[in-house]
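The values are calculated or read from the model by the stated rules, or taken from the named source; none is laboratory data. None of the values given here were measured: they were computed from a predicted structure. With ligands, DNA and RNA removed, areas are computed over all heavy atoms of the protein, side chains included. Shrake-Rupley method; radii C 1.70, N 1.55, O 1.52, S 1.80 Å.
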Amino acid sequence: MKLHMCTARMWPDLTYEQTIPCNRFMLQYVALDDQVENSSLEEIQQLRIRCVDILKGAQPKQEENALYHHMALIRDEFRAFMPDIWVERFIYYFYQSFRYGIELEYPYKIAQRPPSLTLFKTIREYSVLMRPYLILGEIESGLVLPEHIFEHIVVQKMISHMTLVVAWQNDIHSLPKEMAKGTEVFNLVFVLQQEFNLSLEEACSQAFRIHNEELAKLLALHAEYREFGEYQEHVDQFVYYAGVGLQGVNSFYLETERYQHGGTGFAWPETRSDMKT
């Protein structure tokens with residue numbers, strides 16, 4: 001899948017030391033995402049709980065799944081050069097993506113029925129699994145936003161727009177694979193077709209429009225609100241490096257084998273995972 005190319009394109013200014021855990025996490029996250037495709041909700045919840053425990057400091061047992069050992073390695077490598085405030089932020093965004101993304105979309109995937117567009121957008125913001133990636137740009141800039149700036153409603157709204165831009169990119173690029181495989185319902189195009197009784201062509205046009213509107217809202221919000229005082233440069237750098245990441249992942253989508261028709265680009269195309277070991 002050439003995931004190392006995605007890391008390089010999203011965060012081109014990282015040092016070699018910084019690249020190692022970022023690339024490990026890229027591989028880890030994709031492997032986890034593919035494995036949960038065939039997991040029960042209970043298994044997904046167990047996976048999330050154990051991964052978060054390890055990221056917070058627990059040590060994996062020798063007999064546990066290698067993915068847990070890999071998670072501990074990622075934790076230690078990030079802690080070697082990032083402050084605690086950033087690590088805690090990373091852990092929380094990892095938790096959010098599973099708890100409010102993967103776990104909330106599970107019933108709809110099982111039922112093979114997408115939710116309403118409003119609910120879909122709410123869940124998709126988290127199930128695209130982009131939030132932990134966005135803050136890797138703080139490693140590049142060397143400017144970690146203080147908590148009161150990071151939690152500011154404007155910053156959080158920009159993060160929401162960024163995440164959804166990637167979600168719509170992902171849904172558009174993965175559409176041929178998901179149509180060929182015939183088992184995916186959590187895609188913006190499918191939701192638009194169901195809600196508005198659109199043809200495939202009409203739904204694709206609507207999806208592009210929604211993507212472009214999301215990006216325009218992000219850029220307009222960043223341009224208008226300039227009230228962060230001494231931290232304005234920090235916020236500008238955060239948006240800049242997040243933008244590099246958005247463009248980088250989009251260019252990766254155009255070349256990767258991951259979105260081959262029929263799902264052959266999955267790490268484990270048709271195998272059920274055992275997340276208990």
Expected field for Glu43, accessible surface area in Å² at 1.4 Å probe radius, rounded to 10, holds 20
For segment 80-199 the mean separation of alpha carbon contacts under 8 Å (6+ apart) over residue count, i.e. relative contact order in percent, is 33
Stokes-Einstein, Kirkwood over Cα pairs, the chain, 25 °C, 0.890 mPa s; D in µm²/s equals 126
Taking only the alpha carbons of segment 82-175, the radius of gyration and the largest Cα-Cα distance, Dmax, both in angstrom, are 14.5, 45
With only helices counted (DSSP H, runs n ≥ 4, each -39500 (n - 2.57)), the per-residue ellipticity at 222 nm for the chain, to the nearest 500, works out to -22000 deg cm²/dmol
Karplus ³J(HN,Hα) for segment 178-187 (6.51 cos²θ - 1.76 cosθ + 1.60, θ = phi - 60°; Hz, whole; x = Gly/Pro) runs 6, 5, 5, 6, x, 10, 9, 10, 8, 9
The alpha-carbon center of segment 57-108 and that of segment 167-211 are separated, in whole Å, by 30
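Per the Kirkwood formula on distinct C-alpha pairs, the Rh of segment 1-119 is how many angstrom?
15.6
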Computed ³J(HN,Hα) along segment 52-65: with the Karplus parameters 6.51/-1.76/1.60, θ = phi - 60°, integer Hz and x for glycine or proline, the list is 5, 4, 5, 4, 7, x, 5, 9, x, 7, 4, 7, 6, 3
Diffing segment 136-148: the Karplus 3J(HN,Hα) column from phi (6.51, -1.76, 1.60, θ = phi - 60°), in whole Hz with x for Gly and Pro, holds 5, x, 5, 5, 4, 6, x, 10, 8, 4, x, 4, 5
Excluding residues fewer than 8 positions from Lys121 in its own chain, the lysines with Cα under 25 Å of it are Lys109, Lys157, Lys177, Lys181, Lys217
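Based on a Kirkwood Rh over C-alpha pairs, give the Stokes-Einstein translational diffusion coefficient of segment 154-207 at 37 °C and viscosity 0.692 mPa s in µm²/s. Mind dumping the intermediate values first?
Values: Rh = 11.9 Å.
Rounded, D is 276 µm²/s.
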